[in-house]
Amino acid sequence: MATTRPAKTTPADITAAAAASFEACSDSRLRELMQSLVRHLHAFAVEVSLSEEEWREMIAILTATGDITDERRQEFILWSDALGLSMLVDALAHELPAGATESTVLGPFYVPGSPLREYGESMAVESGAGIPAWVCGRVLDVSGAPIAGAELDVWQNGADMLYAVQRPEAEEDHLRGRYLAREDGSYAFIAVRPVPYPIPDDGPVGRMLEATGRHPWRPAHIHMIVRARGYETVTTHVFDAASDYLDSDTVFAVKPSLLRTFRERSPDDPERPAGIDGPWVSLENDIVLAPSETDEDGGAVVDPGRTA
Ligand code: BEZ
Ligand code: FE
């Protein structure tokens, strides 16, 4: 009986067969994503002549990433951040009109549902969180008109380099809060001067950074999500222009337009706000929102869950 010999299976044949396996997918976007993913993954393996040992190691890293991820720790997002993918997707998603505040990474420490705080209120619930920082500015549209009622959802790390969500014993609402812009668009709150900190580096991402000679540090920053009806929501940071690591942020999130100067103030400065004792700093930061393209309300950010 004659046997048919299988066609020679070259690397190119395997890639073509794997891509073709999605040809019948009725969702054209899913088909495009899967075929392109297969082609790029295969091209990567071919380009570096991936060995079986290296491939097994990559599977072990993915397994460890799954093992360490839970509702308080999201190692997959950390991979995306540390490989620059989060910032790339951000750049592809946001084409802004001139003058609008630029976006940057959300990061894994955002916790929805921060308390609504008064104009000028401190978000430091625990004492000794750091040097008090008076942060103020206006929320404006691109023509310079105030956006009354815009919501600023703010969070940051303390002088101990940690976010409250990283410390099980911390007060839940420490160093986070939501603030509303007044009729003239003005807002203000008391934060603490942020300090640089390392991203969580005790898992697979940390081992990659160590093995490749990269550091885990982020420059000092305060996070904000700003929302208002009829405007695009912006997820952004204010970076301390005097911080270390501005030119080597391990998640590639620094944009020059987001740098601001913290002014050092003395305890007897006549502008010292109520609620601040001792040395303090101040920072002015206007936020400019782009008009919404979908004409929907400035809605909630897609909730990534409590991931830190
Ligand atoms: C953050 O800024 O909170 C952050 C961003 C990306 C990775 C880790 C932390
Ligand atoms: Fe951060």
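The values are calculated or read from the model by the stated rules, or taken from the named source; none is laboratory data. Just so it is clear, the model here is predicted, and its values are computed rather than measured. Cβ: placed from backbone, ideal geometry, glycine included. Neighbour counts: every protein chain shown. SASA here: full protein model, heavy atoms, side chains in, ligands and nucleic acids out. Shrake-Rupley method; radii C 1.70, N 1.55, O 1.52, S 1.80 Å.
Descriptive notes on the structure:
- For the criterion of being open to solvent by 40 Å² or more (accessible area, probe 1.4 Å) and in contact (Cβ under 8 Å) with a residue 24 or more places away in the chain, residue 171 passes.
- Matching strands (runs of 3 or more DSSP E) fully within the stretch 129-191 where at least 3 residues are of a type outside the set (D, E, K, R) and touching an Asp or Glu at 6+ places or on another chain (Cβ under 9 Å): 132-141, 176-180
- Restricting attention to the stretch 246-276, the residues being within 16 Å of ligand 1 (Cβ to nearest atom) and either touching a Gly at 6+ places or on another chain (Cβ under 6 Å) or over 30 Å from residue 86 (Cβ atoms) (or both) number 1.
- Flag not set for residue 106, criterion: at pLDDT below 95, open to solvent by less than 70 Å² (accessible area, probe 1.4 Å), out of contact with any Ser or Thr (no Cβ under 8 Å at 6 or more places or on another chain) and within 16 Å of ligand 2 (Cβ to nearest atom).
- The set of residues in the stretch 118-162 that are without any contact (Cβ under 8 Å) to a residue 40 or more places away in the chain and on the phi > 0 side of the Ramachandran plot comprises 128, 144, 161.
- Some residue of the stretch 71-79 being of a type in the set (A, V, I, L, M), away from ligand 1 (no atom under 14 Å from the Cβ) and more than 17 Å from residue 237 (Cα to Cα): no
- Subset of the stretch 43-94 (residues that are polar (S, T, N, Q) and either surrounded by 13 or more Cβ atoms within 10 Å (Cβ to Cβ) or on the phi < 0 side of the Ramachandran plot (or both)): 51, 63, 65, 69, 74, 80, 86
- Checking the stated criteria, residue 209 turns out not to satisfy the condition of being open to solvent by 10 Å² or more (accessible area, probe 1.4 Å) and either closer than 23 Å to residue 78 by Cα or without any contact (Cβ under 8 Å) to a residue 40 or more places away in the chain (or both).
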